[in-house]
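Quick notes on the structure that follows.
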Amino acid sequence: MTEELVLIEKENAVGTVHLNRPDKLNALSPAMLSALADALEQLDVDKDIRVIIIAGSSNVFAAGADIEAMAKASPLEMKALGTRDYWLRMRRIDKPLIAAVSGYAFGGGCELALQCDLIVASETAQFAQPEIKLGIIPGAGGTQRLTKAIGPYRAMEMVLTGEAISAQEAYQHNLINRVVPVERYLDEAKELARLIAERPPVAVRMAREAVRRGVEYTLTDGMEVERRNFLLLFDTDDQAEGMNAFLEKRPPEFKGE
Ligand code: CO8
């Protein structure tokens, strides 16, 4: 029997997708990316789920795209693998994504973490874009997202040398949100997810969109997205509930409407 490439766990409003290809260090083969995109989309439309975590094991988050699948490919064959579509599908996920990273987050694994909104790491996590050592460059956002996250000089060093940085360095460079002992990293990610899941879901999605656009847009365009989303939220029940609860000195009950 073949093992599932990803496993889905649901705990109240938090859905966790566990990458499950341990013998190949969770290498992101086309089949793995397809299973991951399917799982994320499934959780994205699940009404009970408000926040999604992507986790590897304590040894490895993901060691990158599957080198075996790429080794002999021509540019056209690489394109035909269709992996770009899986990445695009992941990018369209509408709920907050948290990467729970321990061990290697290399190449496509680092890019997968960078695709998430928040990164919680264990003290043993390592981040690298080692593609240069294989004669290629990052292809799923590594040169772009990493540069925006940690600045051009540090990103340039990582991309040109292919060398890894530790969780502590990643934290100092503002690449990740938290570094915790390895026994705690998944629980810490789940706690963060639960906290966000308590917040009004529509406002969470609007805020997320505004911050994400802020990374891509000019300040003026980003401010427009913020203003539009800010005003739209005054048409939600949760806005009335949030403000009334404050005035009535009681905890709010958000319904996501
Ligand atoms: N692809 C395929 N197999 C892998 C990969 C990988 N990326 N990483 C590890 N494996 C396999 C190994 O071949 C080995 O398999 P086997 O036991 O059958 O020989 C098994 O996993 C265990 O690996 P190691 O024995 O190497 O384990 P170590 O603990 O000695 O080393 C490392 C761990 C340092 C992580 C090492 O495995 C390594 O360097 N891996 C490759 C890392 C890398 O170069 N990643 C970048 C890949 S390229 C990429 O990600 C480009 C993304 C572009 C996306 C574009 C989409 C449009």
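The values are calculated or read from the model by the stated rules, or taken from the named source; none is laboratory data. Being a predicted model, the structure only gives us computed values, none of them experimental. Quick reminder, even Gly has a Cβ in these numbers, built from the backbone with ideal geometry, and neighbours come from all protein chains shown. Remember, those area values only see protein heavy atoms, side chains included, never the ligands or the DNA or RNA. Shrake-Rupley method; radii C 1.70, N 1.55, O 1.52, S 1.80 Å.
Go through segment 81-107 residue by residue and tally those that are in contact with a Phe, Trp or Tyr (Cβ under 9 Å, 6 or more places away or on another chain) and either within 11 Å of the ligand (Cβ to nearest atom) or open to solvent by 50 Å² or more (accessible area, probe 1.4 Å) (or both). Full working, then the answer.
In the first step, residues of segment 81-107 are kept if they are in contact with a Phe, Trp or Tyr (Cβ under 9 Å, 6 or more places away or on another chain); the result is 99-106.
Subsequent filtering for residues that are either within 11 Å of the ligand (Cβ to nearest atom) or open to solvent by 50 Å² or more (accessible area, probe 1.4 Å) (or both) retains 103-106.
Result for segment 81-107: 4.
Pull out all pairs, ordered by first then second residue, where Cβ-Cβ is under 8 Å, the residues are six or more apart or on different chains, the first lies in segment 109-138 and is assigned by TED's automatic domain parsing to the domain that holds Ala155 and charged (D, E, K, R), and the second is part of a helix (DSSP H, G or I) and surrounded by fewer than 18 Cβ atoms within 10 Å (Cβ to Cβ). Close Cβ pairs (under 8 Å, with a partner that is part of a helix (DSSP H, G or I) and surrounded by fewer than 18 Cβ atoms within 10 Å (Cβ to Cβ)) amount to Asp117/Arg208; Asp117/Val211; Asp117/Arg212; Glu123/Gln168; Glu123/Val182. Being away from the ligand (no atom under 13 Å from the Cβ), buried (at least 23 other Cβ atoms within 10 Å of the Cβ) and not charged (D, E, K, R): is that true of Val14 here? Considered against the rule, which asks whether it is away from the ligand (no atom under 13 Å from the Cβ), buried (at least 23 other Cβ atoms within 10 Å of the Cβ) and not charged (D, E, K, R), Val14 comes out as yes. Applying the criterion of being near the ligand (Cβ under 8 Å from one of its atoms) and in a loop (DSSP other than H, G, I, E, B) to the residues of segment 60-80, the residue that is most open to solvent (accessible area, probe 1.4 Å) is Ala63.
Kindly indicate which of Ala31, Ala69, Ala27, Ala63 is at pLDDT below 95 and over 30 Å from Glu198 (Cα atoms). So that I can check it myself, show each step before the final result.
Numbers: Ala31 fails: at pLDDT below 95; Ala27 fails: at pLDDT below 95; Ala63 fails: at pLDDT below 95.
Unique residue meeting the criteria: Ala69.
Give the residues of segment 169-183 that are open to solvent by 80 Å² or more (accessible area, probe 1.4 Å) and assigned to a helix (DSSP H, G or I), sorted by residue number.
First, the residues of segment 169-183 that are open to solvent by 80 Å² or more (accessible area, probe 1.4 Å): 171-172, 174, 178, 183.
The answer is Tyr171, Gln172, Glu183.
Taking the residues in segment 44-59 that are of a type outside the set (Ser, Thr, Tyr) and either under 20 Å from Ala121 (Cβ atoms) or surrounded by 23 or more Cβ atoms within 10 Å (Cβ to Cβ) (or both) as candidates, determine which candidate is farthest from the ligand (Cβ to nearest atom). Show your work before the answer.
Looking only at segment 44-59, we keep the residues that are of a type outside the set (Ser, Thr, Tyr), and these are 44-56, 59.
Checking which are either under 20 Å from Ala121 (Cβ atoms) or surrounded by 23 or more Cβ atoms within 10 Å (Cβ to Cβ) (or both) leaves us with 50-56, 59.
On the way: Arg50: 28, Val51: 25, Ile52: 21, Ile53: 21, Ile54: 16, Ala55: 17, Gly56: 12, Asn59: 8 Å.
Per the criteria, the residue is Arg50.
Taking the numbered list (1) assigned to a strand (DSSP E or B); (2) open to solvent by 10 Å² or more (accessible area, probe 1.4 Å) in turn, Ala121 passes all entries but (2).
Determine whether segment 18-39 contains at least one residue that is surrounded by fewer than 22 Cβ atoms within 10 Å (Cβ to Cβ), assigned to a strand (DSSP E or B) and away from the ligand (no atom under 12 Å from the Cβ). Yes - at least one qualifying residue is present in segment 18-39.
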